[in-house]
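Note sheet for the following structure.
All of the numbers you see were taken from the coordinates with simple rules; none came from a lab. Here the structure is a predicted model, which means the values were calculated and not measured. For neighbour counting, all protein chains shown are included, and Cβ atoms are generated from backbone atoms with ideal geometry for every residue, glycine included.
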Amino acid sequence: MRFDTPPPMDDFSDRDDDDDIPGDLDDDIEIIEDYEDSDVDSDDVDSDGAEAGGGDAHFPPPSRNDAKITFQNHDQAVFSCDVNVTNTYVVSGGEDDRAFVWNLTNGEVLFECTGHKDSVTCVGFNYDSSLVATGDMSGCIKVWYVSSMSTVWEFETSDLRWLHWHPLANVLFAGTSDGNAWLWKIPSGECKTFQSFGAECSSGRILPDGKRAITSYEDGTFRIWDLKSATVIHSVAGSATHSSTIITLDCTSTGDLVATGSTDGLTRLTNLNSGKVVATFSVSNSDRRIDPDDTELDNSDSIESVAFAPGSPNLLAVGSLNGNLYIWDVPTQTERHVCRHPGGIVKLLWNGQHHVITVCLDGVVRAWDARSGQLAKSWEGHMAEILDVALSPDGKTIVTASEDCTCAVYKDLPE
C-alpha cells in the first residue's frame, strides 16, 4: 500500500516504552575549546558517487581475490549495502533498479526487492532486523518484512538523497533534493515533515538519544531538530559552518558532539547541546597525492567520510577524496596520523576502538591501526571502484558494493 498523503504524526514517541530511550544530555558538556580554522582552497566536486555510476571504469584483474563470497546478481553498479544485526543477511541496491536480500554465509538470495523505478541508492535493516528499507533516486521508498519477504509500506517523495532508521524504533528518517526531511512510523505511515529552507538536504541522522536529529544541507548549513515537535533547536549557518555541501556527519555515542565533513575540505566539530562550533580540522592542499608524472590523482580535498571511535569522543577518523585518512586527537586538536591511499577514500568505518576500515577508488579495502597509523591488512578482489561498505555488527565480516556490479564479502579482520 502506498501512502501518498500520510497521516500527521501528532504524538511521536520513540518506542512504546519510553524507559528504553536514553534521557536528555547535559547541556553544559564541551570537551574542546574554540579553534581558529584556516582557509582551504578546494575544487567543488560531485559528492554523490551513486549518480556517477555506469559500470565503465573497470580495472585490470586484481593480483589476488580475497573475497570469500562474490555476489553477482546485479546487472549494473552496486551503490549501497548493509548487514543486519544478527550477522545473517545483506541487503544491496544498484543502478539496475534492483535490491536483493541475501545470505551473508553463502550468498544465496532470500528475496528480491522489486518495483523500484530508478537506481537503488539507499538500503538498510531496522534495529531488530525484522524490516528492511530500500530507496531509489526517484524517491520511491519501500519497506519489507524480512520474515515474509513482503512489502509492508511504501511512499514516494522527490529525489531521495539519504535514508536511515531510528536506532531504537521502527521509524524511518529521510532527506530529499527539495530540502525536506521526513520521519515515518512504520508500518502505520504516520509522518512528520521537517521543512525545507531552500537548499538540498544532503545528509542526516537521528541522534543516539532517539529524541533529536540533525540534517545538513547543500549550502553548508545544518540544523538540530526536536523530533517530537519537529522544531529547530539550533541552526548553524554562515561563517560558523561550511562554505559548501556537507556530505558526511557522525556524532559521539553520547550525542554531545557532531563532526561534519564538506566538499570545502573542512571537518568541523559542533557541540549539539549549545549549537556552538568548537573546533575545525582542515585538509592541507600539500597533502594531496601525486603520481609519478606529477599529476594530482584527485583534484579535491572533499571530506567523504567521518567517524568517531566507538564509545569515545577522543579519536576522529576523517577520509578525504585526496586519498588520505586522518586520525585526529579531539581534545588536543592534533593530527595523530595520516594514512595515505593511492586513490580517493569513499567511506570509512571503525572496527572496535583500534582499527579503521577504508574503501577506496582503487577497489581495495584496507584496515589501519589507529594507534600506530600503520596498515594492518588489505583485501583485493574488485575490478572497479568501491562505492559503499558495511561491517557486520560482530566485527568479523566486511561487505563491499562496487562499480564492477558485484558485492564482495571479506573475512579475517585484524583484532
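Things worth noting here:
- Peptides ranked, highest mean first, by Cβ atoms within 10 Å: ranges 389-400, 311-322, 62-73: 311-322, 389-400, 62-73
- Partners of LYS276 within straight-line reach, counting lysines whose Cα lies under 21 Å from its Cα and excluding those fewer than 8 residues away in the same chain: LYS211.
- Full extension of the chain between ASN103 and MET149 yields a length gain of 15.2 nm, computed as 0.36 nm times the residue separation minus the alpha carbon distance.
- Inter-label distance, ARG371 to GLN76: 4.6 nm, where each label sits 7 Å from its Cα along the C-beta direction.
- Listed values for the range 329-335 are Karplus-derived 3J(HN,Hα) couplings in whole Hz (6.51 cos²θ - 1.76 cosθ + 1.60, θ = phi - 60°), namely 8, 5, x, 9, 6, 10, 8, and x replaces Gly and Pro.
- Total formal charge among the other residues, if their Cβ is under 14 angstrom from that of GLN195, Lys/Arg +1 and Asp/Glu -1: -1
- Here TYR127 and VAL338 are evaluated by their C-beta separation; at R0 = 56 Å the FRET efficiency comes out at 0.95.
- Listed cross-link partners LYS228/LYS396; LYS228/LYS347; LYS347/LYS377; LYS185/LYS411 are compared with a 25 Å cut-off, the Cα-Cα value being larger for LYS228/LYS396; LYS228/LYS347; LYS185/LYS411.
- Amide H contacts of THR176 (H built 1.01 Å from N, under 5 Å, at least 5 apart or other chain): ARG161, CYS201
- Arranged from fewest to most other beta-carbon atoms within 10 Å of their beta carbon, CYS251, CYS407 become CYS251, CYS407.
- Length available on full extension from ASP118 to LYS276: 0.36 nm per residue minus the Cα-Cα distance, which gives 53.0 nm.
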